[in-house]
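> Right, I'll just put the structure down here and ask away after.
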Amino acid sequence: AWLKNQASAFKDKEGFEHEVVRHVETTLARSLYNCDEVAAYSATALAFRDRLILEWNRTQQRQTFTDSKRVYYLSLEFLMGRALDNAMLNVKQKDLARDGLADLGFRIEDVIQQEHDAALGNGGLGRLAACFLDSLASLNFPAWGYGLRYRYGIFKQEIIDGYQVEVPDYWLDFNPWEFPRHDVTVDIQFYGSVQKKTDEAGKPVFHWDAGETVKAVAYDVPIPGYDTPTTNNLRLWSSKAASGEFDFQKFNSGDYESSVADQQRAETISAVLYPNDNLDRGKELRLKQQYFWVAASLYDIVRRFKKTKRSWKEFPQQVAIQLNDTHPTLAIVELQRILIDLEGLEWNEAWDIVVNTFGYTNHTVLPEALEKWSVPLIQHLLPRHLQIIYDINLYFLQKVEREFPDEHELLREVSIIEESQPKMVRMAYLAIVGSHKVNGVAELHSDLIKTTIFKDFVRIFGPDKFTNVTNGITPRRWLHQANPRLSELIASKTGGHDFLKDLKKLNQLEHYVEDKEFRKEWAEIKYANKVRLAKHIKASTGVTVNPASLFDVQVKRIHEYKRQQMNIFGAIHRYLTLKDLSPEERQKQLPRVSIFGGKAAPGYWMAKQIIHLINSVGSVVNNDKDIGDLLKVVFLEDYNVSKAEIIIPASDLSEHISTAGTEASGTSNMKFVLNGGLIIGTCDGANIEITREIGEPNIFLFGNLAEDVEALRHDHRYGKSNPLDPKLVRVFEEIEKGTFGNPQDFAGMISAVREHGDYYLVSDDFSSYIEAHAEVDKAYRDQEGWITKSITSVAGMGFFSSDRCIHEYAEEIWNVEPLKADQAG
Ligand code: 26W
């Protein structure tokens, strides 16, 4: 109903056109006669932006006026993708805009594509944060995101001669979705020393004499909810020299170079997103980024709280802060510092407030991804914070000693400070100690953290501190936006678009599984999406693929634990098997396209080798006259959110094949199934819950279980493993013969399996992987059976909405309630 009178609505398409023309002619200072697609995009974005701003302001006023508890989501990554399409759909005016743009001579699809992705993230963790923002706004929760405004997002990937080449992603040229708040700034301090003094009462007080000050400037991004006036705020901090431009004193005294150098050093803090996913490298600049962002955000949150004139003990009733992995853990220390050093609270009183304010989400169990910072580095950069960390650890270890006397090993095991050379601060332990709830992101993952990496903390704090919130995805972007025809078909059978707000309604599709017309349309939509992807593949790689083939997709960051190497070994096996057949036999085989995409961290040598092998196999297989359409292998360059929106709706089968126990959840698995694709996967992460929801006959599971991994690794280390599957041996031999180019280039991938302990258990799972693929072929030949599986699966996906997920956080962790527009009083 609000849509009728909403501030964010255009009355009609003429009203929209008028605004577009006005922006072209005034804001952009161009004439309609030289308005290209870029200008049409800019003007359309500005027109919608104007509308959003009104609801955005009202939402902020409403939340302030009602004095409601707010959620603050601290994430170093927000992988937003494009905003215009999403904004138009959320206010339900895309059709009007399509008509208006057509009048002006543009196709809306072309206009939408002019927008640069906001790619301020690496992968799963960053995209989850973006889905959460969409749900928080759509469900009317008073919530803010806090992050960094990187000048360069995740690098663009080019594939040159089969190798990944990184190109900087400068994305801020024209960004209508951000609003600089030059009046909202915070001075952030680094380095220096700490003075201990005593106040009149003889109580010790600590004064941090900082050595460097940098200015944080706020940039705000409106986050519109779907079908609601609520428009939340994402606040991103940009770093600037504290003295403004550059230091005039230095400048005037002739020290021009060093004044410019100071300015550059300050701006470097928010210059670039670290491109590592699941790898901690411990760089000083990264720690600087973390503190800069955390300190600015907390200052902002505390400033807002102080305006309410409430007493400090009410802080956790007004503020919930969620830590997206350990990257913002310094916020715990910073809030304690503010409360004791600046506000004069007693340690215990302050610490209660801190613990009740924070929640911590863990997103990985990979040991190399668990953050540790060296004590000397923290001492140097944040001397007062190091003292507070030591005090937090002292009180914590005293508690442990009281409750577990004689367990001296335990103290060393759980200490926040690792007694190594140099000493290290274990950020996950600090996050656990400083939060009231810790959660994993899928059932298996939450069980694993309780029984492995955090098991001692379950004993110390009790099991109730640890919980599970299985990840989810927003159906607005990942169904309605990415797959509009499927969304319309579902709407036509489930009573309109309500399923987009209540995804459980998808279960009504079960009534149509046998409906001939419905099934036909369902299949046609998938086919049309495959035709669209085939065009994209042709345009970007030059390879022609037949849309009637089975599209088999693995798109995600390249990592050994995700096992793209096993996938490409499997494709080689398929190629060799086809070559073995007589031409007559061959023609009876099912045609396949193996589609890969994903970025490798620039310093991750093995991941880059995997990309190179995929491309090398592609150039042999795709040009083999014996093979033709029966097998194509393509690597899609520069996988990102907007490419995902094309790829995911076009998949028949997607691969989620991590070594059991390594993928915390995975979220693309949910996106693929929601779009009618089936999964081949291991019993890992959310695959397990997906199986439970959609039914075992609808998923191709294979491989060893998480509980077997330790023993298998042990066997590899002591040479007790089974001999390699002859199929895998043959794949290795073929690579080593030079069939796919210089074998030296791929020697590392093979020796990791054959000589170096096969840590990711490729050899242990290869046979069952190949068998599962044979099952896929068999199932796909039965097209009717496949369509039944596809529809049944989508019907079961209601659980995986990020709306469900946000409701769980709100109830179990944040204790916050939605605030509807009519509750403004
Ligand atoms: C310090 C370097 C670093 C950078 C990023 C360490 C760890 C990370 C992230 C936590 C890695 C990540 O994105 N994890 C993914 O989180 C998703 C959302 O919960 C899960 O679905 C994925 O399984 C998990 O790999």
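> Can you work out the Karplus-derived ³J(HN,Hα) for every residue in segment 540-547? Use 6.51 cos²θ - 1.76 cosθ + 1.60 with θ = phi - 60°, whole Hz, and x for glycine or proline.
9, 10, x, 8, 8, 10, 8, x
> Can you list residues from other chains, or at least 5 along the same chain, whose modelled amide H is less than 5 Å from the amide H of Val205?
Excluding prolines and chain starts, which carry no amide H, the hits are Lys197, Thr198, Asp199.
> While we're looking at this one, here's another question. Taking a cut-off of 16 Å between Cα atoms, list the lysines near Lys215, but don't count ones fewer than 8 places away on the same chain.
Lys240, Lys288
> Run through segment 752-804 and list the GluC sites (Glu not before Pro) located in a DSSP loop whose Cβ has at most 12 other Cβ atoms within 10 Å.
Hits after loop and neighbour filter: Glu755.
> On to the next question. Taking the alpha-carbon distance from Lys493 and a cut-off under 18 Å, which aspartates and glutamates remain once sequence neighbours fewer than 8 residues away in the same chain are dropped?
Asp502, Glu510, Glu514, Asp515, Glu517, Glu521, Glu524
> Give the peptides 529-539, 129-139, 156-166 in descending order of average Cβ contacts within 10 Å, highest first.
129-139, 529-539, 156-166
> Have a look at the DSSP beta bridges in the chain and tell me what percent are antiparallel, nearest 5.
45 percent
> Let me ask something else about it. Please arrange Ser665, Ser790 by how many other C-beta atoms lie within 10 Å of their C-beta, fewest to most.
Ordered from fewest to most neighbouring Cβ atoms within 10 Å, Ser665, Ser790 come out as Ser790, Ser665.
> Another question, then. Sequence gap at least 6, Cα distance under 8 Å: using those rules, report the relative contact order of segment 175-272 to the nearest whole percent.
Result for segment 175-272 is 23 percent.
> Using modelled backbone amide H atoms (1.01 Å from N, in-plane), which distant-in-sequence or interchain residues come within less than 5 Å of Phe635's amide H?
Here the answer is Phe596, since their amide H atoms fall under 5 Å of that of Phe635.
> In whole percent, what relative contact order does the chain give with Cα contacts below 8 Å and a gap of six or more residues?
13 percent
> Amide H of Ser75 versus every other amide H placed in the peptide plane: which residues, excluding those fewer than 5 positions away on the same chain, fall under 5 Å?
Counting only residues 5 or more places away or on other chains, the set is Tyr146.
> At 222 nm, what value in deg cm²/dmol follows for the chain if DSSP H runs of at least 4 each add -39500 (n - 2.57) and the sum is divided by all its residues, to the nearest 500?
Calculated mean residue ellipticity at 222 nm is -14000 deg cm²/dmol.
> For a quick protection proxy, order the peptides 22-31, 813-822, 429-438 by their average other-Cβ count within 10 Å, most packed first.
Top to bottom by mean Cβ count within 10 Å: 429-438, 813-822, 22-31.
> Ratio of segment 247-351's C-alpha Rg to 2.2 N^0.38 Å, to two decimals?
1.40
> Mind listing which trypsin sites (Lys or Arg not before Pro) in segment 586-626 are in a DSSP loop and have 15 or fewer other Cβ atoms within 10 Å?
Lys588, Lys625
> For segment 597-611, take each phi angle, set θ = phi - 60°, evaluate the Karplus expression 6.51 cos²θ - 1.76 cosθ + 1.60, and give the result in whole Hz per residue in order, putting x for glycine and proline.
Karplus-based 3J(HN,Hα) across segment 597-611 equals x, x, 9, 9, 4, x, x, 9, 4, 5, 4, 5, 5, 4, 4 Hz.
> In whole Å and largest first, what semi-axes does the C-alpha gyration tensor of the chain yield when each eigenvalue is scaled by 5 and square-rooted?
Ellipsoid semi-axes (Å, largest first): 43, 35, 27.
> Per residue, how big is the convex hull of segment 680-732 when only Cα atoms are used? Give it in Å³.
It comes to 110 Å³ per residue, whole-number rounded.
> Rank these for me by crowding, Leu410, Leu236, going from fewest to most other beta carbons within 10 Å.
Exposure proxy ranking, most exposed first: Leu410, Leu236.
> Right, something else. May I ask what percent, to the nearest 5, of DSSP beta bridges between residues of segment 547-794 are antiparallel?
For segment 547-794, the DSSP antiparallel bridge percentage is about 0.
> Right, here's the next one. Calculate the translational D of segment 547-794 in whole µm² s⁻¹ from Stokes-Einstein, where the hydrodynamic radius comes from the Kirkwood formula applied to all Cα pairs, the temperature is 20 °C and the viscosity 1.002 mPa s.
Once the numbers are plugged in, D ends up at 116 µm²/s.
> A follow-up question, please. Relative contact order of segment 705-825, please, whole-number percent, based on alpha carbon pairs below 8 angstrom and at least 6 residues apart.
The value is 20 percent.
> Give me a comma-separated list of calculated 3J(HN,Hα) values for segment 811-821, in order, Karplus coefficients 6.51, -1.76, 1.60 applied at θ = phi - 60°, integers in Hz, x for any Gly or Pro.
Coupling constants for segment 811-821: 7, 8, 10, 8, 6, 10, 10, x, 10, 7, 4 Hz.
> Now for a different question. Go through segment 388-461 and name the GluC sites (Glu not before Pro) that are in a DSSP coil and have 16 or fewer other Cβ atoms within 10 Å of their Cβ.
Glu407, Glu419
Read-outs throughout are calculated quantities, based only on the coordinates presented, and are distinct from any laboratory measurement. Because the structure is a prediction, the values reported are computed rather than measured. Neighbour counts run over all protein chains shown; Cβ positions are idealised from the backbone, glycine included.
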